[in-house]
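For reference, the structure is listed below as structure tokens.
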Amino acid sequence: MSLEKLQSLIARDEKIAMLTCYDSTFAKLSVAAGIDVLLVGDSLGMVLQGSENTLNVTMQDMEYHTRSVVAGAKDCCIMTDMPVGSYEHEKETALANAKRLIAAGADIVKIEGGGEIVNTAEYLIKQGVPVCAHLGFTPQSVNKFGGYRIQGKTDEGAQSILQDAIAMSKVGVTFVLLEMVPAALAKTITASISTPTIGIGAGIDCTGQVLVLQDLLGIYTGVANKAPEDFKSPRFTKNFLQDERSIQGAVKAYVQAVKNKTFPSAEHSY
Ligand code: KIV
């Protein structure tokens, strides 16, 4: 799906269904099930590589998985995460790395954080690279946050995320992705900017939703070397496979639930 087709979907007030994807088999199946945007997320560090977080993921990993996804989904809009260390320092380095991901087949690159990162986003966009800004809980800063914690709960925290979203919107990002923020804050942000918002743990009022594929299928049980029974899925995830007979059926059920606004419900929101 081209960015123009996505615009027309937004114009008719249809929710965007986004899903993470890391290979061609799932890419093909997800597109056939109606997914609008595939996110080659650096969550692959956790769900594929078995790490505790996304901090060991490399540019090579992201290029490899982007190429694999593109092979299965040539006509779908593909967003790829810029991994930690690939964009936060020199703007020129950020651009060179973004171009590598675009060359691998990404339509949009995603970067985490506001503040100084707004200048990087602006620079990439001026050089012709579409950018998604990831705000709220940003997994590459998990150590700074002291763990997987909801962001924007205090007035000050909420204001800071809102201001970052406004700044990112002004420089022309394609999407603002909001992770693990109160639903009320995501609603305010969505109403305050013209840029579409994509939520994960951000309530029902975002322009679209994203989930990690393994969470949608209920098959992620945490770090590779820890017992599965010690793992508790985050509140915002939902196993769509348990009531379906196939993986494609589960992805279709997710798409439908996003489009008809039954997911996420209050139990999946903060
Ligand atoms: O890497 C990823 O999968 C993500 C989602 C959690 C939005 O960034």
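General observations
- Checked across region 62-71, the condition of being modelled with pLDDT of 95 or more, touching a Pro at 6+ places or on another chain (Cβ under 9 Å) and more than 18 Å from Met168 (Cβ to Cβ) holds for at least one residue.
- Among residues of region 98-156, those that are under 19 Å from the mean Cα position of the chain (by Cα) and farther than 22 Å from Pro182 by Cα, counted: 18
- Region 27-58, residues that are within 13 Å of the ligand (Cβ to nearest atom), closer than 18 Å to Ile198 by Cα and among the β-branched types (Val, Ile, Thr): Val37, Val40
- Looking at Ile117, Ile108, Ile125, Ile102, just one residue is in contact with a Pro (Cβ under 6 Å, 6 or more places away or on another chain) and surrounded by fewer than 23 Cβ atoms within 10 Å (Cβ to Cβ), and that residue is Ile108.
- Checking each residue in region 11-55 for being surrounded by 15 or more Cβ atoms within 10 Å (Cβ to Cβ), part of a helix (DSSP H, G or I) and of a type outside the set (Ser, Thr, Tyr) picks out Phe26, Ala27, Lys28, Leu29, Val31, Leu44, Gly45, Met46, Val47.
- Elements of type strands (runs of 3 or more DSSP E) in region 162-236, at least 1 residues being within 15 Å of the ligand (Cβ to nearest atom), touching a residue at least 12 places away in the same chain (Cβ under 8 Å) and acidic (Asp, Glu): 175-179
- Inclusion of Val129 among residues that are in a loop (DSSP other than H, G, I, E, B), in contact (Cβ under 8 Å) with a residue 12 or more places away in the chain and among the β-branched types (Val, Ile, Thr) is warranted.
- Condition check for Glu229: crowded, with 16+ Cβ neighbours inside 10 Å, over 20 Å from Ala183 (Cα atoms), out of contact with any strand residue (DSSP E or B) (no Cβ under 6 Å at 6 or more places or on another chain) and not polar (S, T, N, Q): no
- Breaking point among (1) among the hydroxyl-bearing types (Ser, Thr, Tyr); (2) more than 15 Å from the ligand (Cβ to nearest atom); (3) in contact (Cβ under 8 Å) with a residue 60 or more places away in the chain, for Ser24: (3)
- Leu95 vs. criteria away from the ligand (no atom under 16 Å from the Cβ), under 26 Å from Val69 (Cα atoms), crowded, with 24+ Cβ neighbours inside 10 Å and not acidic (Asp, Glu): no
The values are calculated or read from the model by the stated rules, or taken from the named source; none is laboratory data. Quick caveat, the model's predicted, so the values are computed rather than measured. For neighbour counting, all protein chains shown are included, and Cβ atoms are generated from backbone atoms with ideal geometry for every residue, glycine included.
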